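This report concerns only the one structure given below.
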Amino acid sequence: MEPAAGKPGSLRNYLIRLLILGVFIIGVRFAYVIAVAGESCNVGDFCFFSLPETLSLAIAGADSGHLAVESDSGGGSALPEVYTSKDWINGVRFYSSVFQDLVAGGFLSPESKSLCVETPTGRDVFALREIGVRDAIGIARKAAKPLVKFGRVDRIPFGDGTFDFVFAGEGIFERSAKPSAFAAEIARTLKHGGFAVFHFTKPKDTYSFNSFLDLFNCFRVVKLHGIEGFDLSMPYIHEIVLKNECGAGAGKFDVEDSNGKCYVPGYKHDLVRNAEPLIVEEPLKPWITLKRNAKNIKYLTSMANINFKDRYLYVDVGARSYGSSIGSWFRKQYPKQNKTFHVYAIEADKTFHQEYGLKKGVTLVPYAAWLKNETLAFEIHRDPGEHVEVKGRGMGRIQPLQSSGEFDGEVEKIRGFDFANWLKNTVSKNDFVVMKMDVEGTEFDLIPRLFETGAICLVDEIFLECHYNRWQRCCPGQRSSKYEKTYDQCLELFNSLRRSGVLVHQWW
């Protein structure tokens with residue numbers, strides 16, 4: 001009888017099957033290393049990430065090819081599928097490299113209490129923990145526990161001075177709808193001496209870059225360099241590292257020096273150098289020449305990105321009716337980069353006041369822009385053929401009451417206000433301010449006052465109509481006697497503004 005002879009063969013087959021199974025398991029892990037991890041590994045760990053204490057990795061299925069990330073603290077429930085994607089893992093590897101460089105530079109350490117903002121996938125948080133920064137958390141509008149909790153960038157759910165390190169990657173800050181509030185929250189939650197790191201696409205201009213820095217006025221730039229990104233959305237990244245050096249009174253920035261004056265920063269001088277040239281020769285038909293020149297105007301918003309501003313304001317000094325410039329020009333033609341501008345209409349003539357009560361997004365300032373708060377004499381001047389009931393009264397000059405005898409027309413009392421002081425109390429350096437000024441010759445009083453008080457530094461762009469004894473339409477060869485200034489004096493006013501770094505355009 002020979003049946004027993006088959007037992008060694010069965011044992012041999014069993015051992016062969018066991019060996020094949022072992023080879024298969026090793027092959028699966030090796031495939032993970034090559035296809036997913038994409039790098040060399042240590043034999044002991046099989047190239048698996050060293051996970052945070054609350055996470056674990058496992059093969060989700062023999063033919064799925066995915067990693068499952070599970071939370072031990074959540075009853076073993078699987079996290080969203082994004083955590084299993086190759087893109088997510090590549091992102092972790094990218095941020096791990098970024099953070100290791102920051103550790104080497106002394107901006108981050110394993111002991112740093114760290115926050116990643118607006119990070120829905122949490123891969124930057126995971127990367128921090130991967131390199132040994134155990135006390136790291138993320139916030140986003142949609143929580144993804146255990147890495148990311150719910151939180152808004154303009155209302156970070158942590159106390160003052162909580163973090164040593166704050167990170168905003170993937171162009172998060174430059175896409176923010178509330179950059180000023182975002183910056184204020186970072187400054188509030190970051191410890192003195194802590195570091196904030198931002199990833200941007202390539203800055204388009206020095207104006208936008210400096211507008212960003214202005215939001216962190218007591219921070220110091222300690223590193224600025226470029227790195228290669230890891231996906232097509234940001235193939236090249238500008239990394240900016242800021243150090244929080246805010247002390248008592250942080251965030252209270254003043255554009256003035258001890259004498260109340262201000263300086264216009266260099267990057268605004270760059271805009272002036274790129275502006276359209278001024279019309280040097282006095283035009284014989286100024287009402288036509290200046291209107292044609294409007295086509296040549298280099299608007300600030302055509303040269304620079306204004307995204308890092310807090311508010312967007314149009315201040316119309318000498319507004320007259322809504323359709324005079326607000327409705328007919330600014331609302332329709334000024335390039336706003338999809339920003340919503342609030343309008344301040346400064347107009348003393350009561351004839352135009354009623355219509356502004358029906359306009360949304362417009363605040364009427366029913367006084368005359370002047371050097372101080374006082375009662376003024378307003379000359380009512382009507383252009384030939386202009387009917388009050390149709391167009392309202394014509395533009396008129398203003399003077400202190402004691403000088404009203406110089407007027408040869410109808411005179412009315414109005415209230416004047418300290419325009420420079422109002423401007424300083426109404427807008428801030430983080431606002432984007434466009435101003436149009438048509439004040440019937442008072443520009444020669446108001447512009448110097450803006451410089452003396454430092455208020456000029458709060459204005460980004462000015463459209464100025466300068467009034468002089470121009471040639472008259474009706475009577476060739478004759479000049480208007482209404483204004484004493486000459487065209488050369490107007491030209492010098494424009495040049496003085498531009499020399500000071502103020503982007504001003506000739507207006508009509």
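The values are calculated or read from the model by the stated rules, or taken from the named source; none is laboratory data. Because the structure is a prediction, the values reported are computed rather than measured. Ideal geometry is used to build each Cβ from the backbone, glycine not excepted, and the neighbour counts take in all protein chains shown. Quick note on the areas: whole protein, heavy atoms, side chains included, nothing else; ligands and nucleic acids left out. Shrake-Rupley method; radii C 1.70, N 1.55, O 1.52, S 1.80 Å.
Yes/no matrix, rows are residues, columns are (1) within 22 Å of Arg292 (Cβ to Cβ); (2) modelled with pLDDT under 95; (3) not in a strand (DSSP E or B):
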{"site": "Gly396", "(1), (2), (3)": "no, yes, yes"}
{"site": "Gln399", "(1), (2), (3)": "no, yes, no"}
{"site": "Ser404", "(1), (2), (3)": "no, yes, yes"}
{"site": "Lys413", "(1), (2), (3)": "no, yes, no"}
{"site": "Lys424", "(1), (2), (3)": "no, no, yes"}
{"site": "Ser428", "(1), (2), (3)": "no, yes, yes"}
{"site": "Cys474", "(1), (2), (3)": "yes, yes, yes"}
Would you please name the residue that is surrounded by the most Cβ atoms within 10 Å (Cβ to Cβ), looking only at residues in segment 154-181 that are at pLDDT below 95 and of a type in the set (A, V, I, L, M, F, W, C)?
Phe173
In segment 286-316, which residue that is over 30 Å from Ser208 (Cα atoms) and touching a Lys or Arg at 6+ places or on another chain (Cβ under 8 Å) is surrounded by the fewest Cβ atoms within 10 Å (Cβ to Cβ)?
Trp287
Which residues, taken from segment 203-218, are farther than 19 Å from Thr301 by Cβ and open to solvent by 30 Å² or more (accessible area, probe 1.4 Å)?
Leu213, Asn217, Cys218
Any chance Arg141 is within 20 Å of Asn307 (Cα to Cα), open to solvent by 30 Å² or more (accessible area, probe 1.4 Å) and modelled with pLDDT under 95:
no
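Of the residues that make up segment 165-187, is at least one over 22 Å from Lys309 (Cβ atoms) and either of a type in the set (D, E, K, R) or touching a Lys or Arg at 6+ places or on another chain (Cβ under 6 Å) (or both)?
There is no residue in segment 165-187 that is over 22 Å from Lys309 (Cβ atoms) and either of a type in the set (D, E, K, R) or touching a Lys or Arg at 6+ places or on another chain (Cβ under 6 Å) (or both).
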Looking only at segment 234-273, count how many residues are outside any strand (DSSP E or B) and modelled with pLDDT of 75 or more.
15
From the option list Leu497, Leu503, single residue qualifying as modelled with pLDDT of 90 or more and out of contact with any Leu (no Cβ under 6 Å at 6 or more places or on another chain) is Leu497
Out of all the residues in segment 481-508, which are polar (S, T, N, Q) and open to solvent by 30 Å² or more (accessible area, probe 1.4 Å)?
Ser481, Thr486, Gln489, Asn495, Ser496, Ser500
Could you check segment 330-346 and list, in sequence order, the residues that are without any contact (Cβ under 8 Å) to a residue 40 or more places away in the chain and either surrounded by fewer than 19 Cβ atoms within 10 Å (Cβ to Cβ) or touching a His at 6+ places or on another chain (Cβ under 7 Å) (or both)?
Arg331, Lys332, Gln333, Pro335, Lys336, Gln337, Asn338, Thr340, His342
Any residue that is crowded, with 18+ Cβ neighbours inside 10 Å, closer than 13 Å to Tyr314 by Cα and without any contact (Cβ under 8 Å) to a residue 60 or more places away in the chain - is there at least one of those in segment 430-440?
no
Per-region count, segment 369-381, residues at pLDDT 95 or above and open to solvent by less than 40 Å² (accessible area, probe 1.4 Å):
2
